[in-house]
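Take a look at the structure below.
All of the numbers you see were taken from the coordinates with simple rules; none came from a lab. Fair warning: this is a prediction, and the values are worked out from it, not measured in the lab. Glycine gets a Cβ as well: all are built from the backbone with ideal geometry, and neighbour counts include every protein chain shown.
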Amino acid sequence: MPCRTKPRRTRSYRAASGLLIALAALVVLACGPTQSSDTVNDGGVIAPAVERPADLDRFLQLPEDVDYVDFPWSEVEVERSTGTLTVGVLVADTSERRSRGMMYRNGLPEQSGMIFIWEDIRAQTGGFWNPNVPIDLDVAWLDANGSIMEFTVLTAGDSTIKGPAKPYYFVMEMPRGRFAALGIELGDRVVIPTTLLPR
């Protein structure tokens, strides 16, 4: 009889173990990854944008010996004295994307730019330059609140490193003259959605 009792205990133990494993799997699935399912970091769309412009890469003139770098697409709101404006942005949120920046792009769709975000929210002191960029750019240096502290012009192909007078937290770039054309001025605030910020 003992030999029958032992297998029964084993079956009960195995059943209980299986149940615990299944419950643990459900907990993991319920918690999910730390990244939101509506956030895509492989060159897709990050909310709040709902779609990526179909003609985005028609401005890209990539040499054959240079690798393509994916940039996610999203939107920011710019709070101006004349009203709030929605601006589409390529998101440079990794070292590879920040290093590539606007290189090899001869423009961007209307009412769009590029936003530079670092892995943690802290003051930055490094400058920007413009080699391999075929157009002049306007750079908006943003404080921790997203307010524009200063503008700088980067000339096409120029390797001169330029930076603002004060440390900055974020950077937004547009083809030269576009900030002015959109009525975006010093002191205006670029509202960066939390989906773009480091977690």
Next item on the list: For region 90-133, just list the percent of Cα-Cα distances falling in each 10 Å bin from zero outward, please.
Entry: 24, 55, 20, 0
Checklist line | Gain upon complete extension [residue 55, residue 197; 0.36 nm per residue less C-alpha separation] | finding: 48.5 nm
Margin query: Based on alpha-carbon centroids, what's the gap between region 128-192 and region 46-64 in Å, whole number please?
Written below: 20 Å
Item checked: Label-to-label distance, nm, for residues given as residue 79 and residue 150 (7 Å Cα→Cβ offset) -> 2.4 nm
Next item on the list: Please work out whether region 42-130 counts as rounded, prolate or oblate from its C-alpha gyration tensor, where a ≥ b ≥ c are the square roots of the eigenvalues and a/c under 1.5 means rounded, while otherwise a/b larger than b/c means prolate and anything else oblate?
Entry: oblate
Next item on the list: For region 60-182, just say rounded, prolate or oblate: build the C-alpha gyration tensor, square-root its eigenvalues into a ≥ b ≥ c, call rounded for a/c under 1.5, and beyond that prolate if a/b exceeds b/c, oblate if not.
Entry: rounded
Checklist line | Label-reachable residues, region 183-199, where backbone N falls under 18 Å from a point 7 Å from residue 120's Cα toward its Cβ | finding: 197-199
Item checked: Residues residue 95 and residue 165, FRET efficiency given R0 of 25 Å [Cβ-Cβ distance, rounded to 0.05] -> 0.50
